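J.: Before we start, here is the structure in question, set down as structure tokens.
What follows is calculated from the coordinates using simple rules that are stated; it is not laboratory data. The model shown is predicted, which means the values in this text are computed figures rather than measured ones. Counting neighbours? That spans all protein chains shown, and the Cβs are built from the backbone with ideal geometry, glycine included.
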Amino acid sequence: MSRSMRIKGPARVEGSLSVPGDKSISHRIAMLASIASGTSRVTGLASSADCKATLDCIRKLGVAVEDNGAELVIHGQGLFGYRPAASLVDLNAGNSGSTIRMLSGLLAAQRFTSRIDGDASLRRRPMGRIVEPLSLMGAQIEATHGKLDGDFPPLTIHGQKLKAIDYASRVASAQVKTCVLLAGLLAEGRTSFSEPALSRNHTELMLKELGASIDIQSSGSVFIEGRHELNPIDYRVPGDISSAAFFIAAATILPGSTLLLNDVNLNPTRTGFLDVLAELGARIERRNVREQHGELVGDLVVSSHQLTTELTTEEGGLILSGAIIPNIIDEIPMLAVVATQVEGRVEVRDAKELRVKESDRIRTVAQGIRALGGEIEEKEDGFSISGPQRLIGGRVNSAGDHRIAMAFSIAGLIADGMTEIEGADCASVSFPEFYKSLAMLTSPDGAVQTLGNR
Ligand code: S3P
């Protein structure tokens, strides 16, 4: 049974909001604090289902984690200090690709065997990209070969002594990078990692904050010295720009809107969505920008404005491809909805990775746009959308994908009519308060309604 939401457009948003703690940073600080030598205190950690999965795994590995209301206290056990209750530990990553891929880097070097699994969506997500580098380091991992071609969860990881490698990843993925760097931290020797385009760099910045011996080169390549203990830390998690993106989009495309978003992470490897909107003429002001644990954090003031590709230098509209794709990867469903309201054509290329996210996001985005009466040309590695289009509302199935549920809720607010989001609950994977926040900021009252269980 799952809850549906009914969204009645047209509407606008107004007010201020603090979005939940950054999901990527939350996973990382929980994992790194769990292997630091001492007690860390973390405020603002995301309470989402994905981050809960990581905390549950860490607890099962024998690490004490206390939530005293104001902060999370994580009693780090050192690099090799995990002590699960049994010699074979069963871990559940739920829907979270970050949990399974990043934690595997730590599990590969332990003295016990772990079996890590997840939900039906996670079982369809490729793990060969971590099995390959970890195996080169000497790890023993058994993946599952299902109907699909390749390695999938559950993974059985027999902990081994690891050796350092120099690894050039074929995919620009921060989850793969994190997995290799965490394994490298526990391996003997110096590990290096490079990737075809720079993915989010939170792991590198955080390892540096915790005192690891790490060299981050301007090319994006990273070197890490193994067996170097980490210091505990008092860490404050900034707001998640990928969650803020839904509200930034809403305030931009819904006429008459103004929003203030507080304490948002503005790490340049995450702000591609803001850059793309700015290129289309959006009114987004950054205020009070400061550095926090090596990350940039600031407030955003967003007000509505008609977007157009006329300001872009390319002919035939705005083409997003190559190095920017990893930087906007989680925001592409929202960007597709925004594109329906842009004067001109927006095309996304080189984004085949979207097909192996929580859903096949090229397909689910196309289905959603068509369900609301819009038009989109679907391609193998992206899509093309010409606007502005009039959306008339309709029924969208989230396909269990949190970002699809949230992006199409915003689409519902721009549509001239009623939109129903089926399977809306999955928003809690990254943003449990999403509908509450949306209802609070939207007028007229009643534009965002819960339909109850189906
Ligand atoms: C993430 C990296 C990205 C992103 C995911 C979170 C991370 O995945 O899509 O939501 O925190 O490292 P990939 O590494 O598969 O690109």
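J.: What is the sum of charges, Lys and Arg at +1 and Asp and Glu at -1, for the other residues whose Cβ falls under 9 Å from the Cβ of residue 130?
T.: Neighbourhood net charge equals 0.
J.: How large is the Rg to Rh ratio of the stretch 224-348 when both quantities use alpha carbon positions and Rh follows Kirkwood?
T.: Rounded to two decimals, Rg/Rh equals 1.05.
J.: Continuing with this model, one more query. Taking a cut-off of 30 Å between Cα atoms, list the lysines near residue 60, but don't count ones fewer than 8 places away on the same chain.
T.: 23, 52, 161, 163, 177, 208, 357
J.: Right, another one. Add +1 for every Lys or Arg and -1 for every Asp or Glu among the other residues with Cβ under 13 Å from the Cβ of residue 219, and state the total.
T.: In short, -3.
J.: Can you classify the stretch 276-352 as rounded, prolate or oblate using the Cα gyration tensor, where a ≥ b ≥ c are the square roots of its eigenvalues, rounded means a/c under 1.5, and otherwise it's prolate if a/b beats b/c and oblate if not?
T.: oblate
J.: Assign one of three labels to the stretch 106-173, namely rounded, prolate or oblate, based on the Cα gyration tensor with a ≥ b ≥ c the square roots of its eigenvalues; rounded applies when a/c is under 1.5, prolate when it is not and a/b is larger than b/c, and oblate otherwise.
T.: The shape class here is oblate.
J.: Also, quick follow-up: Taking the Cα centre of the chain as origin and charging only Cβ (+1 Lys, Arg; -1 Asp, Glu), how large is the dipole, in debye to the nearest 20?
T.: 960 debye
J.: Antiparallel versus total DSSP beta bridges in the stretch 23-236: what percent is that, nearest 5?
T.: Taking every DSSP beta bridge with both residues in the stretch 23-236, the antiparallel ones total about 65 percent.
J.: Calculate the FRET efficiency for residue 113 and residue 370 from the Cβ-Cβ distance with a Förster distance of 56 Å, rounded to the nearest 0.05.
T.: Here the calculated transfer efficiency is 0.75.
J.: Ok, one more. Between residue 83 and residue 283, what length in nm is gained on full extension when 0.36 nm per residue of separation is reduced by their alpha carbon distance?
T.: That pair, residue 83 and residue 283, stretches by 66.9 nm at full extension.
J.: Related question: Using only DSSP helix segments of four residues or longer, with each worth -39500 (n - 2.57), what per-residue ellipticity at 222 nm results for the chain after dividing by its residue count and rounding to 500?
T.: -8500 deg cm²/dmol
J.: Considering all alpha-carbon pairs of the chain, what whole percent are spaced by more than 35 angstrom?
T.: 28 percent
J.: For the stretch 23-236, what is the per residue volume of the convex hull drawn over the alpha-carbon atoms, in cubic angstrom?
T.: 102 Å³
J.: Suppose every Lys and Arg Cβ carries +1 and every Asp and Glu Cβ carries -1, with no other charges. What dipole size does the stretch 23-236 come out with about its Cα centre, to the nearest 20 debye?
T.: 240 debye
J.: What is the extension gain from residue 144 to residue 39, computed as 0.36 nm multiplied by their sequence separation minus the C-alpha to C-alpha distance, in nm to one decimal?
T.: Here the segment from residue 144 to residue 39 would lengthen by 34.2 nm.
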